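Rule-based calculations on the coordinates, nothing more; no lab input. What you see is a predicted model, and the numbers here were worked out from it, not measured in a lab. With ideal geometry, Cβ positions are generated from the backbone for all residues, glycine too; neighbour counts draw on all protein chains shown.
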Amino acid sequence: MMELFSIDFVLFTLGGYSVSLLELLSVGFGLVNVYLAGRGKSINFWFGYIYAILLFVMFIQKHLYSSMLLQPISLAFTILGHYRWTHPAKDEENHNKELKVTMLNARQRLLFVGGIILFTAVWGFFMQWISGQFPDLFPPARRPFLDACVMGAMFTAQYLSAQKKLDCWGAWIIVNTTNIILYLSAGLVFMPIVSTLYWINAVLGFTTWRKEMKKENCNA
């Protein structure tokens with residue numbers, strides 16, 4: 001069944017690993033997407049749409065099922081974020097008439113962290129169970145709990161990004177740290193590199209958004 005999705009054309013090998021056209025395209029669109037998001041540019045969402053589709057195809061080939069299932073939801077968050085950033089309420093507008101940057105309070109942060117931990121435990125056990133029940137359809141996941149942690153943290157990061165919350169960058173740092181480990185274990189070459197660049201971009205994005213938030217507060 002999974003062979004039906006094998007459209008992964010190998011371009012060359014690097015360090016003993018095959019580098020595919022699909023992986024290379026994913027890296028390109030992903031980098032542009034996060035670079036523009038880190039600078040608060042709403043055009044980033046158009047690149048995010050393509051990025052989600054490319055990742056869905058790649059993850060299904062690598063048996064990273066949680067990450068695979070994340071992509072349709074990721075696409076929905078991208079649509080939500082695109083709308084929220086470009087159609088804010090009057091009291092949410094920045095000087096460009098787009099959604100302004102805000103922050104969560106301490107209680108909200110605690111709830112989101114607890115949610116990630118709970119989701120990791122529940123989804124990790126579920127992935128182990130479904131692999132045991134349907135081994136032909138779902139071969140054993142490589143890192144079920146790490147995969148689940150990435151999924152939970154990414155749900156949080158994408159929701160907070162869609163709401164333009166400064167806290168989203170903390171969630172993205174968690175996502176990209178775990179993704180580096182996950183991708184290396186799956187034998188990917190460029191995705192660990194791009195996750196490292198995403199990690200750096202998250203730090204820069206946090207700095208940029210914080211400056212924007214302070215500027216908006218001063219002008220309020």
When the Karplus curve 6.51 cos²θ - 1.76 cosθ + 1.60 is applied with θ = phi - 60°, which whole-Hz ³J(HN,Hα) does each residue of the stretch 166-182 get, with x for Gly and Pro? 4, 4, 4, 6, x, 5, 5, 5, 4, 4, 6, 5, 6, 5, 4, 5, 5
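Taking the mean number of other Cβ atoms within 10 Å as a proxy for protection, how do you rank 31-43, 118-130 from highest to lowest?
Details: 31-43: 18.5, 118-130: 15.7.
Taking the mean over residues of other Cβ atoms within 10 Å, the ranking is 31-43, 118-130.
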Cα-based Lys pair tally, the stretch 7-219, threshold under 20 Å, eight or more apart or on separate chains: 29
Rounded, prolate or oblate, given the Cα gyration tensor of the stretch 38-138, with a/c below 1.5 counting as rounded? oblate
Cα-centred dipole magnitude for the stretch 7-219, charges only on beta-carbon of K, R (+1) and D, E (-1), debye, nearest 20: 660
Label-point separation (nm) for residue 215 and residue 197, each offset 7 Å from Cα along Cα-to-Cβ? 2.5
